[in-house]
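Here is the structure we will look at, set down as structure tokens.
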Amino acid sequence: MIRVFCLLALLSAQGLWAQLPYRLSLRTDGLVYGASAALAGWNGYAAGQHRGFSEFELAMLGAPRAVGFDRVALNRWNEAAGQRSDYALFAAFGAAGITALAHTRADHRIADAAVLGSMWFQANLSTLMLTDAVKNVVRRNRPFVYFDGAPLAERMEADARKSFFSGHASLTACNTFYAAKVWSDLHPNSRWKPAVWSAAAAVPAYVAWQRVQAGKHYPSDVLVGFAVGAAVGYLIPQLHLTR
């Protein structure tokens with residue numbers, strides 16, 4: 001996994017002064033920020049409606065509603081796996097940032113940074129707001145809620161009702177696919193493109209499995225999170241292409 005991050009970081013330095021094929025526009029950016037603002041308003045309201053579990057409610061939950069491959073997430077609590085997923089998520093943020101900074105031209109650094117930074121912010125904001133909105137609507141209990149081996153305090157938190165879909169998976173995929181998309185747009189003929197996209201998929205896949213190992217999410221949570229984050233990370237740069 002460390003080699004994957006190194007690959008993304010090293011390749012991002014290629015073509016340091018390539019001209020950006022992106023442009024900010026009031027229409028596109030206004031729609032993205034407007035949708036995110038609407039979701040933020042909903043999330044703020046919905047968050048106030050959430051509450052955690054009481055000990056009595058936990059005792060009365062009964063068997064979890066998990067079928068098929070989702071059952072692999074049951075009876076798990078692994079704090080180390082949760083920490084590994086945190087570190088990989090932070091590394092994905094870093095990979096996206098390095099990719100953006102490496103492609104700012106010396107004579108247009110502020111302008112290029114504004115474009116790439118705005119797209120990166122839009123991608124992350126959209127992914128975060130969409131993820132939270134779905135969590136607030138679905139209110140799926142996390143797998144560890146049903147596991148007596150998990151800390152009681154964790155099981156009683158309101159966040160324990162926010163399993164679907166995985167924010168770690170969606171945000172990691174958003175950042176790695178954003179990085180891969182920007183890099184590919186700036187190096188369309190590079191022989192390294194298959195390796196870059198493979199790395200972009202491998203990192204969120206690793207995070208997804210660590211979230212399941214930790215008992216935080218079901219496989220269906222992380223698969224959907226992966227797909228949503230990857231789609232947003234790819235589409236935001238695509239919407240800003242000028243060619």
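What number of residues within the range 90-101 are surrounded by fewer than 20 Cβ atoms within 10 Å (Cβ to Cβ) and in contact with a helix residue (DSSP H, G or I) (Cβ under 9 Å, 6 or more places away or on another chain)?
Quick first cut of the range 90-101, residues surrounded by fewer than 20 Cβ atoms within 10 Å (Cβ to Cβ) only: 90, 93-94, 97-98, 101.
After this cut, where a residue has to be in contact with a helix residue (DSSP H, G or I) (Cβ under 9 Å, 6 or more places away or on another chain) as well, the list is 93-94, 97-98, 101.
So the count comes out to 5.
Please name all residue pairs, on different chains or six or more residues apart, with Cβ atoms under 8 Å, provided the first residue is in the range 16-37 and is under 15 Å from ALA100 (Cβ atoms) and the second residue is modelled with pLDDT of 90 or more and of a type in the set (Gly, Ala, Ser).
Qualifying pairs under 8 Å: LEU24/ALA114; LEU24/SER118.
Condition first: under 30 Å from LEU74 (Cα atoms), touching a helix residue (DSSP H, G or I) at 6+ places or on another chain (Cβ under 6 Å) and buried (at least 24 other Cβ atoms within 10 Å of the Cβ). Can you find one or more residues in the range 193-200 that meet it?
Yes, the range 193-200 contains a residue that is under 30 Å from LEU74 (Cα atoms), touching a helix residue (DSSP H, G or I) at 6+ places or on another chain (Cβ under 6 Å) and buried (at least 24 other Cβ atoms within 10 Å of the Cβ).
Do we find that ARG3 is at negative phi, modelled with pLDDT of 90 or more and among the basic types (Lys, Arg) in this structure? Spell out how you get there, then give the answer.
On the way: at negative phi: yes; modelled with pLDDT of 90 or more: no; among the basic types (Lys, Arg): yes.
For ARG3, the condition - at negative phi, modelled with pLDDT of 90 or more and among the basic types (Lys, Arg) - is not met.
Among the candidates GLY82, GLY68, GLY117, GLY62, which residue alone is on the phi < 0 side of the Ramachandran plot and free of Cβ contacts under 8 Å to residues at least 40 places away in the same chain?
Details: GLY82 fails: free of Cβ contacts under 8 Å to residues at least 40 places away in the same chain; GLY68 fails: on the phi < 0 side of the Ramachandran plot; GLY62 fails: on the phi < 0 side of the Ramachandran plot.
Just a single option satisfies the conditions, and that option is GLY117.
Looking at GLY215, is it in a loop (DSSP other than H, G, I, E, B) and surrounded by 17 or more Cβ atoms within 10 Å (Cβ to Cβ)?
Spelling it out, GLY215 is indeed in a loop (DSSP other than H, G, I, E, B) and surrounded by 17 or more Cβ atoms within 10 Å (Cβ to Cβ).
Out of all the residues in the range 172-185, is one or more in contact with a Pro (Cβ under 8 Å, 6 or more places away or on another chain), surrounded by fewer than 20 Cβ atoms within 10 Å (Cβ to Cβ) and not β-branched (Val, Ile, Thr)?
yes
Here are the criteria: (1) surrounded by fewer than 24 Cβ atoms within 10 Å (Cβ to Cβ); (2) under 30 Å from ARG27 (Cα atoms); (3) in contact (Cβ under 8 Å) with a residue 40 or more places away in the chain. Tell me which single one HIS168 does not satisfy.
Every condition holds for HIS168 apart from (1).
Given the structure, is ALA18 among the aliphatic types (A, V, I, L, M), farther than 25 Å from VAL196 by Cα and either modelled with pLDDT under 90 or in a helix (DSSP H, G or I) (or both)?
Answer is no for this residue.
Output the number of the condition that ASP107 fails; it satisfies all remaining conditions of (1) surrounded by 15 or more Cβ atoms within 10 Å (Cβ to Cβ); (2) out of contact with any Leu (no Cβ under 9 Å at 6 or more places or on another chain); (3) at pLDDT below 95; (4) of a type in the set (D, E, K, R).
Among (1) surrounded by 15 or more Cβ atoms within 10 Å (Cβ to Cβ); (2) out of contact with any Leu (no Cβ under 9 Å at 6 or more places or on another chain); (3) at pLDDT below 95; (4) of a type in the set (D, E, K, R), ASP107 violates only (1).
Among the listed residues ARG76, ARG51, identify the single one that is farther than 30 Å from ALA199 by Cβ, touching a residue at least 24 places away in the same chain (Cβ under 8 Å) and in a loop (DSSP other than H, G, I, E, B).
Of ARG76, ARG51, the one residue that is farther than 30 Å from ALA199 by Cβ, touching a residue at least 24 places away in the same chain (Cβ under 8 Å) and in a loop (DSSP other than H, G, I, E, B) is ARG51.
When you go through (1) surrounded by 18 or more Cβ atoms within 10 Å (Cβ to Cβ); (2) within 30 Å of LEU241 (Cβ to Cβ) one by one for ARG142, which number turns out not to apply?
The one condition ARG142 does not meet is (2).
Taking the condition part of a loop (DSSP other than H, G, I, E, B), among the aliphatic types (A, V, I, L, M) and either surrounded by 13 or more Cβ atoms within 10 Å (Cβ to Cβ) or touching a Lys or Arg at 6+ places or on another chain (Cβ under 7 Å) (or both), does ALA46 pass?
no
For the range 147-159, which residues satisfy the criterion of being crowded, with 20+ Cβ neighbours inside 10 Å and assigned to a helix (DSSP H, G or I)?
Scanning the range 147-159 gives a single hit, ARG155.
The values are calculated or read from the model by the stated rules, or taken from the named source; none is laboratory data. These numbers were taken from a predicted model, which means no experiment stands behind them. Positions of Cβ are generated from backbone atoms using ideal geometry, with glycine treated the same way; all protein chains shown enter the neighbour counts.
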